[in-house]
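What follows is a single structure, written as structure tokens, with notes after it.
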Amino acid sequence: MGKKQNTKTKKDAQDTQDEPEEFVVEKVLDQLAWDTCPLLADNTWEPEENLDCPELISAFLEAQKNVKEKPAPVKRKASTDEPETESKKKDVAEKPRGFARNLEPERIIGATDSSGELMFLMKWKDSDEADLVPAREANTRCPQVVISFYEERLTWHSCPEDEAQ
Amino acid sequence: MPTKNVIDERLSKFKNKGKDPAKLREKRISVSVELRKAHKNENFLKRRNITLSSLPDEEALSPDYCSTEMVTPLSMEEIIKDVTSESRESQTRGCQAARKLLSQECNPPLKEIINAGLLSRFVSFLSMDDEPALQFEAAWALTNIASGTSWHTQQVVEHGAVTAFISLLASPMLHISEQAVWALGNIAGDGSAYRDVLIECNVIPALLARICPDTPVGYLRNLTWTLSNLCRNKNPFPPSSAVLQMLPSLIQLLHHCDKDILSDACWAISYLSDGDNERIDVVVKTGIVPRLVELMSHKELSVMVTPALRSIGNIVSGSDLQTQTAIDAGILNVLPRLMRHQKASVQKEAAWALSNIAAGPCNQIQQLITCGLLPPLVEQLKNGDFKTQREAVWAVTNFTSGGTVEQVVHLVQVGALEAIISLLQVKDVKVILVILDAINNIFMAAEKLGETEKLTLLVEELGGLDRIEMLQNHDNDAVYRAAHTLIEKYFSDADIEEVKVDTTVDAFAFQSPDVKRTFEF
């Protein structure tokens, strides 16, 4: 029962669609002038003779052609002016530590003097591994980073406490 | 955690400016964790010294973080005496002392050790399977000598170390085998000659045999690096039989999760894909391209970008088919971001890759447009550093050469013409020529549309006419000629009538808003 009703409504819809179909064709033709209509490449579209705008079509076809009718530009291979990765490596069990790693200091995240001299725990840019550097080195190499560390920890209070520990 | 209440109590006595006690505590805990970690790492690295040497070792026992000095090191004379003695104990002591000297950061005495004639001794120690401590120290010492200049490496090789090291790869002692991997990596890295010597000595099967599921990560890192050196260098490239042997393992390693392994494996691929299209084919056929694109955009592994991008760049410098595999793998979705990367070198390589894709057929060029590669290209032309701009200019010229008229029109619409005109004032002659070529191609497109007059006006508006006129006085012959030709063809009054032959222009519907917009900004 539902089916019957459905087919009926479908038929109705189709009937009303017969008129718009023609209208749509004209509209698409107009479109041809402004956009590059991809439908023209389709075999299902009408043959050229049935459309009365040969200039449009030839202009359209011209636009589809390559600019140059000559061999395609040659691809360019790599130029190796970029330093790649190291070709030889020295084995030092003690890996370069601290400033010898040649990384940029990001910020100091801690301090300790358990080794007898004041050391900062340095977080480097682009690395997850923080390590210890002597404060005297840090003071000359990255004084602003050191200052930030101290400023962050400035406290005003009555009891003398060591904030860093 | 148990100390929470105690800390809170103390903190409450303080007057802190806008500091949250909970945050402070967190900071403190993380700092002490970091300090403990750093301490642990320092000690871990020193373990080698403890286990292998039966002699008191100052470094291993000291809690001092920054000292790498030894207490009473052996003098060179003492080292020579020990190494050349007949006592295993002395030899080991001397060898270790030599190794430590050779491992120091500043100016290790490579030449001294060589000139003292110790190399043949070290090499002979390599075969003493019953003396692992001695083997290890000798292997380490030789590794560091081989890490020097070509001359240093040559000394190591000429004393017969190669076969000894290759045999050591099979050692049941993992740390010794690993040391051999490292030494061989240094020898291979010297250049194509030694690389091929190693390959001839069957180093590859011996290396690959060490890859198994329980191989520790540290070992695999060294191994991957050594493999990459066996893929490295040109003139000649490594033999294709060797490449084919290594590739399956490299592909495997490219699916590992350790970033150092991934990075070196990627570098290996970048070396293998550098060259003619047959070499590229070998790489592409492994099906690795999607993984490379994935690694290019891996956010956590910024170390991956360069070798992955280089590999892809090499692949798209190949045939249209090879380029298509990269496009199919989604490279065009990743490139725009890399073209805006903070590192200039990445931007440059991305532009280079783009320029090669733009050297392809117009359907690939169309994909450049649809995937939004043009806006970042124009940005690079305007704001990139010079090396990047140079590559971007190539992209424009290739685009204008292989693209359809429509595509070229679009390129102009997004501002590329304006951008390359600004670059006409650079000093680099090649770049100027490439730009003039692009402008010529754009005029050829305009000719097909009958819009050359409009383009002439546009170029003039953008300051191009002035620049091209000035280039007629350039020192370089080719530049002067190219500029002159352009002026004569399109900017000379005498030609206006010829252009007007195309007056059917008015009948063409291409004088549509769309195309009018072509040469209007």
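The values are calculated or read from the model by the stated rules, or taken from the named source; none is laboratory data. Remember, predicted model here, so these are calculated numbers, not experimental data. As a convention, Cβ positions derive from the backbone with ideal geometry for all residues, glycine included, and neighbour counts pool all protein chains shown.
Some values worked out for this structure:
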| item | result |
| --- | --- |
| Check on A:Lys75, within 24 Å of B:Val303 (Cβ to Cβ), in a loop (DSSP other than H, G, I, E, B) and modelled with pLDDT of 80 or more | no |
| Among (1) closer than 26 Å to B:Val303 by Cβ; (2) at pLDDT below 90, the one test that A:Trp156 misses | (1) |
| Qualifying residue in region B:317-340 (condition: within 13 Å of another protein chain (Cβ to nearest Cβ), over 15 Å from B:Glu379 (Cα atoms) and touching a Ser or Thr at 6+ places or on another chain (Cβ under 6 Å)) | no |
| Selected residue (criterion: surrounded by the most Cβ atoms within 10 Å (Cβ to Cβ)) from residues of region B:119-163 that are in a loop (DSSP other than H, G, I, E, B) and away from chain A (no Cβ under 14 Å) | B:His159 |
| Verdict on B:Ile442 being away from chain A (no Cβ under 11 Å) and surrounded by 22 or more Cβ atoms within 10 Å (Cβ to Cβ) | no |
| Residue within region B:246-256 that is within 13 Å of chain A (Cβ to nearest Cβ), touching a residue at least 24 places away in the same chain (Cβ under 8 Å), of a type in the set (A, V, I, L, M) and within 17 Å of B:His298 (Cβ to Cβ) present | no |
| Verdict on A:Thr112 being within 8 Å of another protein chain (Cβ to nearest Cβ) and either over 30 Å from B:Ile145 (Cβ atoms) or at pLDDT 90 or above (or both) | yes |
| Yes/no for B:Asn233 being of a type in the set (S, T, N, Q), in a loop (DSSP other than H, G, I, E, B) and touching a residue at least 24 places away in the same chain (Cβ under 8 Å) | yes |
| Residue in region B:95-105 that is outside any helix (DSSP H, G or I), more than 14 Å from chain A (Cβ to nearest Cβ) and surrounded by 15 or more Cβ atoms within 10 Å (Cβ to Cβ) present | no |
| Any chance A:Gly98 is closer than 29 Å to B:Gln342 by Cα and more than 7 Å from chain B (Cβ to nearest Cβ) | yes |
| All helices (runs of 4 or more DSSP H) inside region B:165-218 with 2 or more residues being within 14 Å of chain A (Cβ to nearest Cβ) | B:174-188, B:192-200 |
| Residues (loosely packed, with under 13 Cβ neighbours inside 10 Å and among the hydrophobic types (A, V, I, L, M, F, W, C)) located in region B:213-239 | B:Val217 |
| Number of the condition not met by B:Val431 [criteria: (1) in a helix (DSSP H, G or I); (2) without any contact (Cβ under 8 Å) to a residue 24 or more places away in the chain] | (2) |
| Of the criteria (1) closer than 16 Å to B:Thr400 by Cβ; (2) more than 14 Å from chain A (Cβ to nearest Cβ), which one B:His484 fails | (1) |
| Candidate set from region B:345-378 (those that are among the aliphatic types (A, V, I, L, M), in a helix (DSSP H, G or I) and within 11 Å of another protein chain (Cβ to nearest Cβ)); member that is farthest from B:Asn398 (Cα to Cα) | B:Val346 |
| Positions within region B:292-322 being closer than 22 Å to B:Ser240 by Cβ and in a helix (DSSP H, G or I), in sequence order | B:Leu292, B:Pro307, B:Arg310, B:Ser311, B:Ile312, B:Gly313, B:Asn314, B:Ile315, B:Leu321, B:Gln322 |
| Single residue of region B:240-276 satisfying the filter (of a type outside the set (A, V, I, L, M) and not in a helix (DSSP H, G or I)) that is surrounded by the most Cβ atoms within 10 Å (Cβ to Cβ) | B:Ser273 |
| Any hit, region B:388-402, residues being in a loop (DSSP other than H, G, I, E, B) and surrounded by 18 or more Cβ atoms within 10 Å (Cβ to Cβ) | no |
